[in-house]
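To start, the structure under review is shown below, and the notes come after it.
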Amino acid sequence: MHAITIEQPGGPEALVWAEAPDPVAGQGEVLVEVVASAVNRADVLQRQGFYDPPPGASRHPGLECSGRVVEVGPGVSGWAVGDAVCALLAGGGYAQRVAVPAGQLLPVPAGVDLVAAAALPEVVCTVWSNVFMVAGLRPGETLLVHGGASGIGTMAIQLGKAVGARVAVTAGGKEKLARCAELGADILVDYREQDFVEELRAATGGAGADVILDIMGAKYLARNLDALAVNGRLAVIGLQGGVKAELNLGALLAKRAAITATSLRARPLEEKAAIVAAVREHVWPLIASGRIQPVVHATYPMAEAAEAHRVMESGGHVGKLLLTV
């Protein structure tokens, strides 16, 4: 088969479409013929040499894919050759074939084409596990999403609205904020020109956000705490703004707030399977009904993954960037 290889960490040019060994479906796995994959921030970090795959995972980048089952490994039930699927991966999506633990497979939702389905697994599993399974967002609460125009952000807006929450977003520029509004965002903050703490307080009568989904990490830690409501929950899922910051524990105690930080890629298989099962139960019906949809900015041939990475790093996109085989 062919796959995107990274012989040496570097810029987008480090991504090379080359021959690679065919994967084999092991115990509890299925082999998927990839139709499409998607670009995630983690792929960029891996290309740069900052985020190695977990032990035993494919060395090829790609944390999600869509395609068709071509082989069912030992110990697998419920899946058959020819099934149209999408999958959450620890790596290997930038390839013609990938072996996937059966617990990380999802059927392609009704009404979603096979290519667009590649935009779903990573963002849906990330948002559902953090905003709902961990932070426990409830109807009537306020959710603040940083990076509202990103793949994660566009999904968080839709899921927040679907459960009856009020959604605030930060994004850079009027065009991105307008797209967030189209998806249902209620409170729009241009982080280039506005202070999200002040804007959120003004929009909530001083209460703040019940849940914050944060991709920035250290840079936003103190301000996120200021923006939290009493009994608020801050879910950190990215470190684009650094890894170290000072935390005022007194302020945290005064608000009876909680901070969690999670990653999805290195979780044990049973934890990923539990998240995928919850997504299939709670989110897939919303997608099938048309209330939630994948947001795709552009699609590129897999061999042109370098160009997709350049677009990702430029920050000019809204939603997901897909790669097709």
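Here are the numbers:
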| item | result |
| --- | --- |
| Student exercise, the range 180-312 dipole from Lys, Arg, Asp, Glu Cβ charges, in Debye to nearest 20 | 460 |
| For the chain, built as a Gaussian network whose Cα springs stay under 10 Å, the top-fluctuating residue of Ala254, Ala118, Ala80 | Ala254 |
| Amide H within-cut-off set for Ala298, under 5 Å, with H built and near neighbours excluded | Leu322 |
| Spatially proximal lysines relative to Lys161 (Cα-Cα < 17 Å; intrachain offsets below 8 disregarded) | none |
| Contact order normalised by residue count of the chain, Cα under 8 Å, 6+ apart, percent | 19 |
| ³J(HN,Hα) computed for each position of the range 160-177 - Karplus, 6.51 cos²θ - 1.76 cosθ + 1.60, integer Hz, glycine/proline x | x, 5, 5, 9, x, 8, 8, 10, 10, 9, 10, 7, x, x, 5, 5, 5, 5 |
| Accessible surface, per residue, of the range 35-150 when the full set of protein chains is kept, probe 1.4 Å, Å² | 32 |
| Greater than 30 Å apart at Cα, pairs in Lys219/Lys320; Lys174/Lys272; Lys176/Lys255; Lys174/Lys320 | Lys174/Lys272; Lys176/Lys255 |
| Longest site-free stretch - the chain; sites: trypsin sites (Lys or Arg not before Pro), DSSP loop, at most 11 other Cβ within 10 Å | 1-191 |
| Amide proton proximity set for Val318, modelled H, under 5 Å, gap of 5+ | none |
| Solvent-accessible area per residue for the range 246-317 (1.4 angstrom probe, square angstrom) | 55 |
| Relative contact order, percent, the range 175-307 [alpha-carbon distance under 8 Å, six or more residues apart] | 16 |
| Spin-label model distance (nm) - Val70 vs Leu247, 7 Å beyond Cα toward Cβ | 4.6 |
| Top of Leu269, Leu31, Leu234 by mean-square fluctuation, Gaussian network on the chain, Cα under 10 Å | Leu269 |
| Listed residues Pro23, Pro61, Pro121, most fluctuating in the chain (Gaussian network, C-alpha, under 10 Å) | Pro23 |
| Cα-based convex hull volume of the range 205-299 per residue, rounded to whole Å³ | 175 |
| Fraction of the pair-distance distribution of the range 92-140 above 17 Å, Cα-Cα pairs, percent | 51 |
| Prolate/oblate/rounded label for the range 1-153 (Cα gyration tensor, a/c 1.5) | oblate |
| Antiparallel bridge percentage (DSSP; both residues within the chain; nearest 5) | 55 |
| Cα convex hull of the chain - mean projected area over all directions, nm² | 15.5 |
| Environment charge of Glu141, counting only residues whose C-beta is closer than 14 Å and scoring Lys/Arg +1, Asp/Glu -1 | +2 |
| Cβ-based charge dipole, the range 10-59, positive-most Cα from Pro55, Val32, Ala18 | Pro55 |
| Karplus 3J(HN,Hα) series, Hz, for the range 245-250 with 6.51 cos²θ - 1.76 cosθ + 1.60 (x for Gly, Pro) | 7, 8, 10, 7, 5, x |
| Rg [Å, one decimal], Dmax [Å, integer] - the range 1-55, C-alpha atoms | 12.8, 36 |
| Within-13-Å neighbourhood charge of Arg256 [Cβ basis; K, R +1; D, E -1] | +1 |
| The range 140-239, accessible surface, carbon-and-sulfur percent (1.4 angstrom probe) | 47 |
| Radius 10 Å from Cβ of Val72, net charge of other residues (Lys, Arg +1; Asp, Glu -1) | -3 |
| Contact order relative to length of the range 60-133, as percent, for alpha carbon pairs under 8 angstrom and 6 or more apart | 36 |
| Only Lys, Arg (+1) and Asp, Glu (-1) charged, at Cβ; the chain dipole about Cα centre in debye | 780 |
| Sparsely packed GluC sites (Glu not before Pro) within the range 102-197, loop by DSSP, other Cβ within 10 Å at most 12 | Glu193 |
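The values are calculated or read from the model by the stated rules, or taken from the named source; none is laboratory data. Since this is a predicted model, take the numbers as computed values, not measurements. When we count neighbours, we look across all protein chains shown, and the Cβ atoms used for this are built from the backbone with ideal geometry, even at glycine. When the accessible area is computed, the model is the full protein with side chains, heavy atoms only, and any ligands, DNA or RNA have been set aside. Shrake-Rupley method; radii C 1.70, N 1.55, O 1.52, S 1.80 Å.
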